[in-house]
Amino acid sequence: MENWVRSKKGKYHLYCLIWYPNYVPRYSLTLWLAALGRLSTTDRPHMQDITANRQCVLCDLEPESHKHIFFSCPYSATVWSNLTTQSQLHWPRLNWPNLLHWAGLKFKGRKGYTNLIAKHTLATTIYFIWTERNNRIFQHKFKQAGLLSNDIASQIRILLLNFQGQIPEIARIRWNV
Ligand SMILES: [Zn+2]
């Protein structure tokens, strides 16, 4: 993954996935840092002394890492399942680096509803999962996966209301836009 991100092609596809028309800066910044493995999870070398290999606060089943927290984690997997059903997207079961690689190639186009909903779903979900993780650690606030999924869907709906392009009728009904 790191080599892929560093390569010219990898960077191009990653940029297309993260910085696109109608992107939300704080969502995309979180996704960018997550893609680079730069968030302050315990798999970062300088964090290991501080956090002493903390367990994932979302599931309390495995040590926290970039690879675990966004897709492999059972909590996140439930959120993803809810959102991809709502977005009618098929996301393959891949680990975090390979999934980003796949999505970067699949949704590299800048226009069109399918590319937009895929990018909104990815960036918004990553941001909310990361925020939930931080809320649990720093504020001791916990939200169930179903409720977090509803919050994410509400945000995506607001983003869709600002989309100038054509949204298929079936998607308009599903998102109530
Ligand atoms: Zn977990």
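Here are some notes:
- Test for residue 174: is it open to solvent by 60 Å² or more (accessible area, probe 1.4 Å), in contact with a Phe, Trp or Tyr (Cβ under 6 Å, 6 or more places away or on another chain) and either away from the ligand (no atom under 16 Å from the Cβ) or β-branched (Val, Ile, Thr) (or both): no
- Residues that are at pLDDT 95 or above and either under 14 Å from residue 76 (Cβ atoms) or open to solvent by 100 Å² or more (accessible area, probe 1.4 Å) (or both), drawn from region 152-168: 152
- Residue 29 being open to solvent by less than 70 Å² (accessible area, probe 1.4 Å) and either of a type in the set (D, E, K, R) or at pLDDT 85 or above (or both): no
- Whichever residue in region 49-62 is out of contact with any helix residue (DSSP H, G or I) (no Cβ under 9 Å at 6 or more places or on another chain) and near the ligand (Cβ under 9 Å from one of its atoms) and, among such residues, is modelled with the highest pLDDT: 60
- Looking across 108, 67, one residue alone is at pLDDT below 90, open to solvent by 50 Å² or more (accessible area, probe 1.4 Å) and touching a Leu at 6+ places or on another chain (Cβ under 8 Å). It is 108.
The values are calculated or read from the model by the stated rules, or taken from the named source; none is laboratory data. Computed from a predicted model, the values in this text were never measured in an experiment. We place every Cβ from the backbone using ideal geometry, glycine too, and count neighbours over all the protein chains shown. Ligands, DNA and RNA are stripped out before the accessible areas are found, and what is left, the full protein with its side chains, is counted by its heavy atoms. Shrake-Rupley method; radii C 1.70, N 1.55, O 1.52, S 1.80 Å.
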